[in-house]
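Structure first, then comments.
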Amino acid sequence: MSVSASTTCWIKPSMIDFWLAAGLLLLVALSFLLIPVLRGRRAQLEEDRTALNVALYQERVAELQTQQEEGVLNAEQMDAGRAEAARELLADTEGVEAPRVSRLGKPLPLLAAILVPVLGLGLYLHFGASDKVELTREFAQAPQSMEDMTRRLERAVAAQPDSAEGLYFLGRTYMAQDRPGDAAKIFERTVNLAGRQPELLGQWAQAQYFADGKKWSDKVQSLTDEALKADPKEVTSLGLLGIAAFEGERYQEAIDYWNRLLVQLPPDDQSRVALQGGIARAAEKLEASGGKVAQAQAQAPAVKVAALLKVRVDLAPDLKAKVQPGDSVFIFARATAGPPAPLAAKRLTVADLPATVELGDADAMMPQLKLSNFPEVQLVARISRAGQPTAGEWIGRSQPLATSTTAPQKLTIDSPDK
């Protein structure tokens, strides 16, 4: 599976702005805790100064008493000296606030000043969205390898477990890495979220078949039967049934299934060469075992015209004050009856709106998921401030539309994205 650049259309959030805001909030919180401590320290200084003045007053009174006992001062002079010392004490202590009694003690505010940011950070990491912020930052850069892409998709699925698109891409990636067991579990989750669509059932059946060591089972049979009942042209199920028939030496069945699949593929599809080679090998083995290849009904390969949809995207007037020019705008087409993943996608920004874009086979997210392979699609435009194609703030959806449509379409972003 090739990783398309359009699957990594993500915008890097302003981490600097985030941490600046967090730092300012932390300073405000610390101020509420440290101001009482500083006030308490000032009060302690005032209290120490008052105690010193009282001690000087008492020393002055003791000195006057000694002079009176020695006969230097009479009673009248003694009273006058005591009154003078009292006036000086009052003058020195004037304006000093009454000491505040703290029940918390001095160490507690300092301890709280340390614990509050630590506790706040712990709660944010546990309950907050730091994982999504970090994930968005990582998706702003192109993956270095398939393993790197897989790790990012796994984290995206963990952050958004209800995203059918994310699950679908992760399942396809697991298959490309020869991890069918993991892919089968992911496709099962995708079906539970997006519904029992033929394409998803076919992918689930294929992954389950390889996870079971290429052993056909009732479960795989049930999935392929359900997929082909809903869509007799479902390509993954046809290819899988051909493989199973070939492995079981039922060569005529393999030829029949692969011929049905061959008719569904566009003439320029690269997988046609490998498929025709498989048909030829099955025919050789059938003839080598004494059999004869049944003549297939003459069927001309279906020549599919490349689909191209033109759509003009605009923003509802009442939303223009609620968005920012740098917000991402993802415009894509997805099958009304098919996989949840977008078939074709483009990315703009709010500043580009209104804009006219074209979605065609050249914009396919994956080679086998082209617009021309599906009869009907829905056009979607989503605004995502975090730069995530699968979730955002505002969205616009069209009515089901035939992929053969040539008339320009209009799409207005006017609803909250729920």
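In order along region 217-229, phi translates into HN-Hα couplings of 9, 4, 5, 5, 4, 5, 5, 5, 4, 5, 5, 6, 5 Hz, rounded to whole numbers, per the Karplus curve 6.51 cos²θ - 1.76 cosθ + 1.60 with θ = phi - 60° and x for Gly and Pro. In region 143-288, with Lys and Arg counted as +1 and Asp and Glu as -1 at Cβ, which of these residues, G171, G242, V273, has the Cα nearest the positive end of the dipole, that is, farthest along it? Value computed over the given set: G171. Computed from the C-beta positions of S145 and Q378, the FRET efficiency with R₀ = 51 Å rounds to 0.95. When only the Cβ of Lys, Arg, Asp and Glu is charged (+1, +1, -1, -1), the dipole of region 162-233 relative to its Cα centre reaches about 140 debye.
Computed FRET efficiency, Cβ-Cβ of Q177 and T336, R0 35 Å: what is it to the nearest 0.05?
Details: r = 30 Å, r/R0 = 0.86.
My answer for the efficiency is 0.70.
The phi torsions of region 200-205, fed into the Karplus equation with coefficients 6.51, -1.76 and 1.60 and a -60° offset, translate into couplings of 5, 5, x, 5, 5, 4 Hz, rounded to whole numbers, with Gly and Pro shown as x. Applied to region 280-288, the Karplus parametrisation 6.51 cos²θ - 1.76 cosθ + 1.60 on θ = phi - 60° returns per-residue 3J(HN,Hα) values of 5, 5, 5, 5, 4, 5, 5, 5, 5 Hz, with x for Gly and Pro. Summarising the overall dimensions of region 143-288 from its C-alpha atoms, the Rg and Dmax are 16.2, 55 angstrom. Spacing of the modelled spin labels on D318 and D414, each 7 Å from Cα toward Cβ, amounts to 1.0 nm.
For region 308-416, go through all pairs of different Cα atoms, get the mean of 1/r, take its inverse, and jot down that Kirkwood value in Å.
Radius from the Kirkwood sum: 13.8 Å.
With a Förster radius of 56 Å, plug the Cβ-Cβ distance of S289 and K310 into 1/(1 + (r/R0)^6) and report the FRET value to the nearest 0.05. Calculated transfer efficiency: 0.55.
For the residue pair E247 and K215, what label-to-label distance in nm results when each label sits 7 Å from Cα along the Cα-to-beta-carbon direction? So the two model labels end up 1.1 nm from each other.
All of the numbers you see were taken from the coordinates with simple rules; none came from a lab. Predicted, not measured: the structure shown is a model, and the values here were computed from it. Virtual Cβ from ideal backbone geometry, glycine too; neighbours counted across all protein chains shown.
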